[in-house]
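Read the structure below first, then the notes.
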Amino acid sequence: MQKRPFGGTKILYMGHIAAGVGIYVGMLLKFGMTLQLIEWFIFAAGMLWLSLIDRTSCVLPDSILAAIAANRLVFLALRGEFSDPFLVILINIFSIFIPLTVIVLGMEWVRNKKLIGGGDMKLILVLCLYFDHRKLLLLLAASCLLALVHVGGNRMFRRTRWGKTRIAESGGAEDGEFPFGPFLAAAAMLIVLCAES
């Protein structure tokens with residue numbers, strides 16, 4: 001794990017624990033004691049774990065992504081639901097994931113710069129299993145908005161005296177890149193908690 005100044009890693013862990021407690025309480029209130037609650041609990045645990053790993057080491061492990069995808073497929077099988085969700089998944093892949101991939105690759109080719117990591121694209125593909133196309137578009141928009149707020153806040157913070165000290169102690173100026181997975185995870189949790197079931 002990357003060393004973060006001023007005990008940043010400890011604060012990060014505490015933040016994830018607090019977020020997890022809030023998410024689980026919200027899910028319990030929304031879904032009650034149902035099979036659906038267990039599915040979303042496992043989903044939330046995977047997303048929180050992915051978010052923490054991405055924030056500390058800038059990687060989204062394939063094993064966790066596969067576990068989150070398998071969670072959805074197992075619970076669809078347990079409920080005996082395959083035809084409707086399968087159609088929704090296909091619509092998501094062909095109307096959102098493939099066009100998004102083409103746009104990202106095209107922009108990367110034009111700008112000659114990596115815009116989004118392969119792990120983030122895999123995470124979007126996994127999210128196609130869980131949400132319909134409307135919720136998925138809302139999720140993508142919310143994650144971009146959260147990332148913009150983060151970048152804006154980070155730039156303002158870097159202009160403060162404490163921010164300059166933090167950058168100096170971390171070994172110099174930061175390159176402006178940041179993991180996108182935590183924003184996708186946060187937006188997914190907002191959709192689960194706030195959108196209609």
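FYI, it's all coordinate maths here, none of it is from the lab. Not measured: the values here are computed from a predicted model. Methodologically, a virtual Cβ is constructed for each residue, glycine included, from the backbone with ideal geometry; neighbour enumeration extends over all protein chains shown.
Give me the mean projected area, in nm² to one decimal, of the convex hull enclosing the Cα positions of region 5-194.
11.8 nm²
Could you rank the peptides 129-138, 27-36 by their average count of other C-beta atoms within 10 Å per residue, with the highest value first?
Order by mean packing, descending: 129-138, 27-36.
What ³J(HN,Hα) values, in whole Hz, does the Karplus curve 6.51 cos²θ - 1.76 cosθ + 1.60 give for region 92-106 when θ = phi - 60°, with x put for Gly and Pro?
With the stated coefficients, region 92-106 comes to 4, 5, 7, 9, 10, 5, 5, x, 4, 4, 5, 4, 4, 4, x Hz.
Can you put 128, 194 in order of Cβ neighbours within 10 angstrom, beginning with the fewest?
Least to most surrounded, the residues fall as 194, 128.
Which order, highest average first, do 99-111, 68-80 follow once you tally other Cβ atoms within 10 Å for each residue and take the mean per peptide?
Packing proxy ranking, top to bottom: 68-80, 99-111.
Return the sequence-ordered ³J(HN,Hα) values of region 48-53 in whole Hz as given by the Karplus equation 6.51 cos²θ - 1.76 cosθ + 1.60 applied to θ = phi - 60°, using x for Gly and Pro.
So the J values, rounded to whole Hz, are 5, 5, 4, 4, 5, 4.
What distance in nm separates the two pseudo spin-label positions at residue 14 and residue 103, each 7 Å out from Cα along the beta-carbon direction?
Output for this residue pair reads 3.9 nm.
With a Förster radius of 25 Å, plug the Cβ-Cβ distance of residue 78 and residue 151 into 1/(1 + (r/R0)^6) and report the FRET value to the nearest 0.05.
The value I calculate is 0.05.
Residue by residue through region 126-134, which ³J(HN,Hα) values in whole Hz follow from phi under the Karplus form 6.51 cos²θ - 1.76 cosθ + 1.60 (θ = phi - 60°), with glycine and proline marked x?
Couplings: 5, 5, 4, 6, 9, 10, 6, 5, 5 Hz.
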